[in-house]
Amino acid sequence: MNIIKFLDEFTSDNLNKKMSSRREVFSTLGSLSKKAALVAVPFGLATSSSKAYAAQDMDAAVSALQLALTLEYLEAEFYMMALASGVLPSGRPESVYSQISKHENQHVAFLTAGLEGAGVEPVGKPTFDFTVGGMFDPFDDNNSGQEVAYAQLLALAQAFEDTGVRAYKGQAGNLMGTDFLTPALQIHSVEAKHASEIRRLRAMVAGETLNPDALGWITLDNRGPGMPEATQAVYDGEENVVQGGVNLVDATGFDAVAVSQSYDEPMTGETASTIAGLFIVS
Amino acid sequence: MKKPIIKVEKAAIKQNNAGSSRRKFLKMGGLAVAGSGLLLYSCSDDDDVMGPVIGDVFDLGSGDLGILNYAYALEQLEAAFYTNVLDGSYWAGASAEEKLILEDLYKHEVIHREFFKAAITGAVNGDTSLVLPELEFDFSGVDFGNRDSVLGTASVLEDTGVAAYNGAGKLLTTPEYLVLAGKIVSVEARHASAIRSIFLSDDTAFAGDDVIDSNGLDPAKSPSEILAAVGATGFVKTEFTANQLPS
């Protein structure tokens, strides 16, 4: 499937509509597949059972995974190019990027295998432009200098990781009742670990380790010192302090800074697609 | 220098031995406890008890309520731990960055704890007999004046939290609860990453190969696995059971 077409079609409205019927179908199938001990594919979604899914219901879970794969392609290529650019200092920065790069490649392979195992053709890898038409120079291709390029490598990594965390969270409901849910959660928390470390590395480089907006967690909807304004969409909505109907500032006496840090907010598929789309040429 | 992890492991062996007698005991009592999610249930008076063993020991409950109480127990543990950390001499003399991180973790875990208390109480229409009571803890195995002990224990607790939420997600049937668990687990993962990053010298420890598998996945553990591990730490004094949670 063409990536742009896929992203265009991806709206959370469509995905959320069918929740209850989809859950019914999936949970029925889930118990069937357990009995049959189907473990051949990573997600346990055997192709032989796929006809049990209503086409619409299947679409929501598959679309969630296709979006996840798209974001993983983006991250995987970004880290690969970062490591090849020569911009990253050796030592901690290079080690951190290498470790994350390894995970993102593993996520691409895992999601690809999972979709194929479910009899679905994975979306193809898009063509990326991490300069966003020349706005950034993270790999120092235009001789902006190592310092500028490195700062942009860190800023983009932070934006991608924080987006990944929110995007996976936003898709959890679409995977509910399926065997895809747990692996998606297991990727989700790894993205959060990446986000924390990239944020802390960026803070160290910028000399901002005591800045409350530059910690491993997100404060209010603050993108943090030195983050380009273009990344603000990644943080909008993170200032929420009401969880499950409970205003936690009132309930705990802690301030909105601490309360907002304690919860990461989900992001709709639409928003995640829009953010990813900034870096996709075709 | 003694590390808390070693103490934890020592305790684990002791508790595991006790665990087998607990299971045997439960079997004798005629209870169907698949995988035995029983936590710290004292068996000292085995011979005196016939029939139901629960008595006045709190059981987490079944379904979403059971999972929420389970999460509440873990958040109580984390919150109590960091409360002790901030009262300890290591924290008082730590670097500004470590102080800030640990203070944030304290706040976040207390906020998570208070959230579960309020949310569960609301979900059961105020019937507090269904809400996990405030647990008592014993952190005598942790040296709050020692960096290795504090950060080592913190790292174990944060890793445990991530694996617990990842494993519990599929057990939830209410979409709103799943999203809430998702909102919390990524913050626990951010904690785990930061603690491991400042504690361990390996630059890849924040998401290390010792935790993350070859598919790039974090662990997802069942309630019974998690409760057995938590029980093994010896930190939880108040007895409670998890007899109705899926193993």
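Here, each number is a calculation from the coordinates, and none is a lab measurement. Please read all numbers here as calculations on a predicted model, not as lab measurements. Cβ sites come from the backbone with ideal geometry, for glycine too, and all protein chains shown count toward neighbours.
Brief remarks on what is shown
- The test for being assigned to a helix (DSSP H, G or I) and within 9 Å of another protein chain (Cβ to nearest Cβ) holds for A:V259.
- Of all residues in the range B:186-205, none are closer than 30 Å to A:N105 by Cβ and touching a Pro at 6+ places or on another chain (Cβ under 8 Å).
- Selection count where residues are touching a residue at least 12 places away in the same chain (Cβ under 8 Å) and assigned to a loop (DSSP other than H, G, I, E, B), scope the range B:118-163: 15
- Selection of the range A:242-270 for residues being over 15 Å from B:V179 (Cα atoms), out of contact with any Asp or Glu (no Cβ under 9 Å at 6 or more places or on another chain) and touching a residue at least 12 places away in the same chain (Cβ under 8 Å) yields A:V257, A:V259.
- Tally of residues being in a loop (DSSP other than H, G, I, E, B) and surrounded by fewer than 17 Cβ atoms within 10 Å (Cβ to Cβ) across the range A:227-239: 4
- Taken over the range A:169-198, the residue count meeting the criterion of being within 8 Å of chain B (Cβ to nearest Cβ) and either of a type in the set (S, T, Y) or in contact (Cβ under 8 Å) with a residue 40 or more places away in the chain (or both) is 13.
- Breaking point among (1) surrounded by fewer than 21 Cβ atoms within 10 Å (Cβ to Cβ); (2) within 30 Å of A:E229 (Cβ to Cβ); (3) of a type in the set (V, I, T); (4) touching a helix residue (DSSP H, G or I) at 6+ places or on another chain (Cβ under 6 Å), for A:T127: (4)
- Residues in the range B:207-223 that are in contact with a Phe, Trp or Tyr (Cβ under 6 Å, 6 or more places away or on another chain) and more than 7 Å from chain A (Cβ to nearest Cβ): B:P223 only.
- With respect to (1) closer than 27 Å to A:R200 by Cβ; (2) surrounded by 16 or more Cβ atoms within 10 Å (Cβ to Cβ), the lone exception for A:M135 is condition (2).
- Those residues of the range A:226-256 which are within 11 Å of another protein chain (Cβ to nearest Cβ) and on the phi > 0 side of the Ramachandran plot, in sequence order: A:G244, A:G245, A:G253
- Failed item in (1) over 21 Å from the mean Cα position of the chain (by Cα); (2) crowded, with 19+ Cβ neighbours inside 10 Å; (3) part of a loop (DSSP other than H, G, I, E, B), with A:A149 passing the rest: (3)
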